[in-house]
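To start, the structure under review is shown below, and the notes come after it.
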Amino acid sequence: MAYQPIRFYQTGTFTVGNRLLPEGQRSVQADVRRTNSLNSGHRACQGCGEALGARYALDAAMQATGNRLIAANATGCLEVFSTPYPETSWQIPWIHSLFGNAAAVATGIAAALRARGQSDVRVVAQGGDGGTTDIGIGCLSGMFERNDDVLYICYDNEAYMNTGVQRSSATPGAARTATTPADGGATGNAFGQGKDMPAIALAHGIPYVATATVAELRDLEAKVRRAMEFRGARYIHILVPCPLGWGHPSSATIRVARLAQETGLFPVYEAEYGSVRRVSRIRRQLPVEDYLRGQQRFAHLFRDPPRTELIARIQALADHNIRRYALLGEADAP
């Protein structure tokens, strides 16, 4: 991959200084010619990670395809806050699917384009973790198995946020949701459940799989561009913190996403044809408490007395990811 990570070390801020870089190294979002695929006027919550992720990903996809792109969007937060009838914030050809069939609808679009001989128009399907790892997993697996020419993007906020913060199969262990309470004797979501969707995509042996977070804009954009270099099924899984459902300040979305990666709880990597090719390493693993303490969904872990055994289980999961993907190191792995 031609992407060279650009790191800015500045105490007390996460601002990325594009003005310090040559034009060719600046992000898509720094370019006045960006398409603003998801434009202003939507009704997302302040600090919404999903709104950021969708704008970053779709603008990068538009640039990579010369603005020749069609998007299919599953029902969920992203669809609801961006298209309150009769309005829309989308400035691209955009189709609303059902909750669970975005992959199938995108497959149909790709087939229609192929029948018309329009090989220059590309297709993206997108949905949240509920529409991807739960309701839509059958259609998505079928898309992978057939190797349909679609890029599927999952914006993972780890619960059904739009309908009241219910647990999904992407909700982490010990997290409090409306359906996994943490009062009385309850301890939040059970451990040992759920699905590792990027690993499931990897097991299908499709041309390209990647994970990303909204905290690393250039990495996210580079992976979208790389995905568009392939034909066939592709999958990108983006962590998008939700201030409402996670219970962190709206100003902390980027910080929380970065802590998920730096603790090892969310490994960032990319794979081709079933093999991991590159991981985004972290210089120093942070304790999971740094990530958990800033979120109300984990507040019960730190009451008096603190639930040290649950925190230890979460730390063990992070340590496992560190070993599994060889995440520690000064530079990104080749």
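Laid out as a table, the results:
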{"item": "Residue within region 290-298 that is open to solvent by 20 Å² or more (accessible area, probe 1.4 Å) and either without any contact (Cβ under 8 Å) to a residue 12 or more places away in the chain or in contact with a Phe, Trp or Tyr (Cβ under 6 Å, 6 or more places away or on another chain) (or both) present", "result": "yes"}
{"item": "Count of residues meeting criterion [more than 18 Å from GLY128 (Cα to Cα) and either open to solvent by less than 20 Å² (accessible area, probe 1.4 Å) or touching a strand residue (DSSP E or B) at 6+ places or on another chain (Cβ under 6 Å) (or both)] in region 240-251", "result": "1"}
{"item": "In region 104-137, residue surrounded by the fewest Cβ atoms within 10 Å (Cβ to Cβ) [restricted to those that are aliphatic (A, V, I, L, M) and not in a helix (DSSP H, G or I)]", "result": "VAL121"}
{"item": "Of residues in region 308-322 being more than 14 Å from ASN189 (Cα to Cα) and either in contact with a Gly (Cβ under 7 Å, 6 or more places away or on another chain) or modelled with pLDDT under 95 (or both), the one most open to solvent (accessible area, probe 1.4 Å)", "result": "ASP319"}
{"item": "Selected residue (only one of GLN29, GLN25, GLN10 is modelled with pLDDT of 75 or more and more than 22 Å from TRP94 (Cα to Cα))", "result": "GLN25"}
{"item": "Residue in region 323-331 that is in contact with an Asp or Glu (Cβ under 8 Å, 6 or more places away or on another chain), over 18 Å from GLU158 (Cβ atoms), without any contact (Cβ under 8 Å) to a residue 40 or more places away in the chain and not acidic (Asp, Glu) present", "result": "no"}
{"item": "Residues (in contact with a Lys or Arg (Cβ under 8 Å, 6 or more places away or on another chain) and small (Gly, Ala, Ser)) located in region 181-220", "result": "ALA182, GLY188, ALA210, ALA212, ALA215"}
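The values are calculated or read from the model by the stated rules, or taken from the named source; none is laboratory data. None of the values given here were measured: they were computed from a predicted structure. Note that we place each Cβ from the backbone using ideal geometry, even for glycine, and neighbour counts take in every protein chain shown. Areas reflect the complete protein model, heavy atoms only, side chains present, ligands, DNA and RNA absent. Shrake-Rupley method; radii C 1.70, N 1.55, O 1.52, S 1.80 Å.
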